[in-house]
Amino acid sequence: MEKIKLLKVEYLPKELEYGVLYVSEEYGIAGHLCPCGCENKIMTPLDPSEWSFRQIDNKPTLYPSIGNWQLPCRSHYWITDGNIEWSYDWSEEEIISGRKAEERKRITYYKYLETKQTKKSIFRRILDWFLNLLP
């Protein structure tokens with residue numbers, strides 16, 4: 001098992017350091033170099049329909065696992081409490097099934113948001129719009 005340390009940033013740097021998970025909560029993105037050593041940059045959007053991020057004692061966790069199926073290394077791992085926990089290599093069928101499940105999750109999430117927005121009263125929508133204009 002390998003370790004990964006957390007570095008909170010506003011913007012992800014152009015050059016990433018091995019063993020560091022850069023997190024920009026402001027822009028909803030996390031990035032790191034693939035822990036297998038292939039030096040590919042791995043970007044994970046932080047969003048309820050993608051990955052979630054948490055930290056305890058400055059040790060990062062991303063959920064769900066990260067599967068780099070499009071890369072030659074095909075690494076698959078978890079980042080949990082600052083540790084890289086390696087998982088198994090998925091078959092092509094598992095990858096296809098996983099991608100379909102992710103798409104269903106995104107569709108469900110955005111439909112929920114759309115429904116929630118349309119249920120707001122006209123007064124609430126105007127108030128929300130006005131509040132967004134304020135600094």
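Quick note: the coordinates plus some simple rules give every number you see, no bench work behind them. Source: prediction; values computed, not measured. FYI the Cβ positions are ideal-geometry reconstructions off the backbone, even for glycines, and counts take in every protein chain you see.
Once the Cα atoms are used to define both axes, helix 92-118 deviates from the longest principal axis of the chain by about 20 degrees.
Between the listed residues ILE84, PRO64, LEU6, the Cα displaced farthest toward the positive end of the dipole of the chain, a dipole computed from Cβ unit charges relative to the Cα centre, is found at PRO64. When only the Cβ of Lys, Arg, Asp and Glu is charged (+1, +1, -1, -1), the dipole of the chain relative to its Cα centre reaches about 780 debye.
What's log10 of I(q)/I(0) for the chain at q = 0.09, 0.16, 0.17, 0.18 Å⁻¹, Debye sum over Cα points only, no solvent? Values returned for q = 0.09, 0.16, 0.17, 0.18 Å⁻¹ are -0.36, -0.90, -0.97, -1.04.
Of the residues ILE107, ILE122, THR44, the one whose Cα sits farthest towards the positive end of the charge dipole of the chain is ILE122 (charges of +1 on Lys and Arg Cβ, -1 on Asp and Glu Cβ, taken about the Cα centre). What do you get for the angle between helix 122-133 and the principal long axis of the chain? Use alpha-carbon atoms, 0 to 90 degrees, nearest ten. Between the helix axis and the principal axis of the chain, the angle is about 60 degrees. Phi angles across the range 50-59 convert, under the Karplus curve 6.51 cos²θ - 1.76 cosθ + 1.60 with θ = phi - 60°, into 3J(HN,Hα) values of 10, 10, 10, 10, 8, 9, 9, 6, 6, 10 Hz, Gly and Pro given as x. For the pair ASN83 and ILE95, the difference between a 0.36 nm per residue extended length and the Cα-Cα distance amounts to 2.0 nm. An ellipsoid equivalent to the range 91-135, defined through the eigenvalues of its Cα gyration tensor, has semi-axes of 37, 12, 4 Å when rounded to whole angstrom and sorted largest first.
The count of lysine pairs in the chain with alpha-carbon distances below 30 Å, taking only pairs 8 or more places apart or on different chains, stands at 25.
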